[in-house]
1. For the stretch B:133-155, which positions are within 14 Å of residue A:113 (Cα to Cα) and at the interface with chain A (Cβ under 7 Å from one of its Cβ atoms)?
2. Scan the stretch A:75-127 residue by residue and report those that are hydroxyl-bearing (Ser, Thr, Tyr) and facing chain B (nearest Cβ under 7 Å).
3. Within the stretch A:74-94, is even one residue touching a Cys at 6+ places or on another chain (Cβ under 7 Å), modelled with pLDDT of 80 or more and in a helix (DSSP H, G or I)?
4. Just to be sure before I move on: is residue B:87 closer than 20 Å to residue A:155 by Cβ and either within 13 Å of the chain's Cα centre (by Cα) or in contact (Cβ under 8 Å) with a residue 12 or more places away in the chain (or both) in the structure I sent?
5. Which one of these does residue B:49 not meet: (1) without any contact (Cβ under 8 Å) to a residue 24 or more places away in the chain; (2) closer than 20 Å to residue A:27 by Cβ?
6. Output the helices (runs of 4 or more DSSP H) that fall wholly within the stretch A:1-62 and possess 3 or more residues being touching an Asp or Glu at 6+ places or on another chain (Cβ under 7 Å) and over 30 Å from residue B:4 (Cα atoms), or say none.
7. If you scan the stretch B:67-82, which residues turn out to be surrounded by 15 or more Cβ atoms within 10 Å (Cβ to Cβ) and either acidic (Asp, Glu) or over 22 Å from residue B:122 (Cβ atoms) (or both)?
8. If a residue has to be crowded, with 22+ Cβ neighbours inside 10 Å and aliphatic (A, V, I, L, M) to count, how many in the stretch A:60-80 make the cut?
Amino acid sequence: MNSIFALIIPVIFIASFLYAAVKKTKVYDSFVAGAGKAIPLIVSIFPYIAAITILARLLTASGLEDKILHFLSPAFRFLGVPQEIAGLVLIKPLSGSGSIAMLAELLGKYGVDSYVARCACVAYGSAETVFYVAAVYFAGIKRKKLPLAIAFSLIAYFLSVVLCCLLCRVM
Amino acid sequence: MNAIFLSLFLGATAILLFVNPPLFLPTVLEAAGDSATLCVALLASYAVWMGLMEVWKACGITRGIAKLLRPVCKRLFRTDDEQTLQAVSANLSCNFLGLGGAATPYGIEGARLLDQSPQAEYASCMFFALNATSLQLLPTSVVGLRASLGSGAPADIILPTMLCTAFSTVVACFFTWLFLSPKKSCAAGACSGRKKQAVFSNKSAAGTR
């Protein structure tokens, strides 16, 4: 089962490059141009990642994180979500770079292939940063019902986190 | 975000001040250093996928995907404007690949154009719901991160991620359609298509309980 999914990515590359070659595209030139665009993108998200990593480490070092998690754990336990990923679940709607920093912290702390880490990965992928989309995409747009759409998206996101922990347990 | 950052930062630092003040600077510096390492890992996966995206763009695969998405977008957003549909489908296809950063410029353009479409209120909310829950078929940066940290099977989260992201998107779209859709202009074809979606989302909601 898992080996099938390991095949997906190389197959996508082979198929795309072959198709591009048939279409007489300069594969090398295009690939280089695209890869180069990754650098400004990373430069633009680095400060956010740094700020959230610093915050996460401070919370751990001061013991504040344990207290917050302890406070939230009954709710999360009720929903079947491991309390270790609570921080990630809560920061994800606010900051994309912040949540990938949190994800990396969790992967390092609990081991990449642990249950907690897999839950974290799926929870990370299950939705986008709701408030970021609202702030950036809809910056100049005033629609009366947008707050409703935000609420719907958040509900859908929390439901999918519950689903993801369930899936990670059985798969 | 500013308020959250400030209050958590001050709270944690104040506690540290009482418990173990010399720990502050090394903690902060180590965190900043580690975030640089994380960025290098991300840069690796972005470079690979954005390279592939560029090849797709050059040989017309991107345009093909956008064309495939167009009928769906037409129904979802109830607009016929070519330029709007193009921006919206480009945005959605970037999201499919898990390239949030690349989806942003198209998303901004799409949101602006949809704001001028015939059913702007509904279309804007639907576009928001789709983007906020982002249907992500290939979680490229997570797979890359797992691989760089030495995972035994970095790709084994693809299937659960697909299911969860599809679930969150369907739920958000269903709510948006249910509560915000202007009912009287609902074309027969569009309605039957959405009913199917509704049945599906009810099923998956029942499954979680």
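The values are calculated or read from the model by the stated rules, or taken from the named source; none is laboratory data. The structure displayed is predicted, hence computed values, not measured ones. Glycine also receives a Cβ, built like all others from the backbone with ideal geometry; neighbour counts cover every protein chain displayed.
1. Residues satisfying the conditions are B:142, B:145, B:146, B:149, B:150, B:151, B:152, B:153, B:155.
2. The answer is A:95, A:124, A:126.
3. Yes, there is a match, as at least one residue in the stretch A:74-94 is touching a Cys at 6+ places or on another chain (Cβ under 7 Å), modelled with pLDDT of 80 or more and in a helix (DSSP H, G or I).
4. In short, no.
5. Of everything listed in (1) without any contact (Cβ under 8 Å) to a residue 24 or more places away in the chain; (2) closer than 20 Å to residue A:27 by Cβ, residue B:49 misses just condition (1).
6. Hits in the stretch A:1-62: A:27-36.
7. B:81
8. Going through the stretch A:60-80 one residue at a time, the tally reaches 1.
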